[in-house]
Amino acid sequence: MSQPPKYGVKGEVLNAHSNRIKDLMFDNKPIDPAAKFVVASNNYRAGGGGNFPEINESKVIFEAPDTNRDVIVRYIVDQGTINPSADANWSFASLPNTSVLFETGPKAKDFIGDVKAVKIEPAGEGEGGFAKYRITL
């Protein structure tokens, strides 16, 4: 029996009705719960992959001949360059006395100051040359 990758992500939905997204807005106005939107997705999600409610093949209104990857590559080539900087347009809901530990490359220390949406702090050395960091929720 094979083991899952050491740094792989595995999880489950613990509370599908937890309403984790707060203050969702469109055009700087709160979203009307009755409003309808077109969701751009890949064929995996549109075909029901990931079990997202109300997103499945029966709801597909347009299927483009291009893959997401091809559209992004074409955009980058057309632009010549892009600025992939984070704009801090989201945050985690506060969970008192809770933090998350993660491991990443040691050069991450050079970029922590660029992250504005969350507080990230060093939390020691990880295994195999990785570094540990903590996000306080």
Given labels modelled 7 Å from the Cα in the Cβ direction, how far is it in nm from Arg45 to Leu95? 2.2
Listed by chain and number, the aspartates and glutamates with an alpha carbon less than 12 angstrom from that of Lys132, same-chain partners under 8 positions apart left out, are Glu103, Glu121
Mean Cβ count within 10 Å, highest first, over the residues of peptides 100-106, 30-36: 100-106, 30-36
Report ³J(HN,Hα) in whole Hz for each residue of the range 43-53, in order, from the Karplus equation J = 6.51 cos²θ - 1.76 cosθ + 1.60 where θ = phi - 60°; Gly and Pro get x. 5, 5, 5, 4, x, x, x, x, 6, 7, x
Once phi is turned into ³J(HN,Hα) by the Karplus curve 6.51 cos²θ - 1.76 cosθ + 1.60 with θ = phi - 60°, what whole-Hz value does each residue of the range 26-31 show in order, with x for glycine and proline? 9, 6, 6, 10, x, 6
For the range 75-137, what class follows from the C-alpha gyration tensor (a ≥ b ≥ c being the square roots of its eigenvalues): rounded when a/c is under 1.5, otherwise prolate if a/b is larger than b/c, else oblate? oblate
HN-Hα J couplings of the range 81-90 from phi, Karplus 6.51/-1.76/1.60, θ = phi - 60°, integer Hz, Gly and Pro as x? 7, 9, 10, x, 5, 6, 10, 6, 8, 8
Once both axes come from the Cα atoms, what is the angle between helix 68-79 and the longest principal axis of the chain, in degrees from 0 to 90, rounded to 10? 80
Label-point separation in nm, Lys36 to Phe130, each point 7 Å along Cα→Cβ: 4.4
Which of the following values of volume of the Cα convex hull per residue in Å³ was calculated from the structure shown: (i) 126; (ii) 105; (iii) 231? (iii)
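Values in this text are rule-based calculations from the coordinates and carry no lab data. Not measured: the values here are computed from a predicted model. Every residue, glycine as well, gets a Cβ built from its backbone with ideal geometry; the counts of neighbours run over all protein chains shown.
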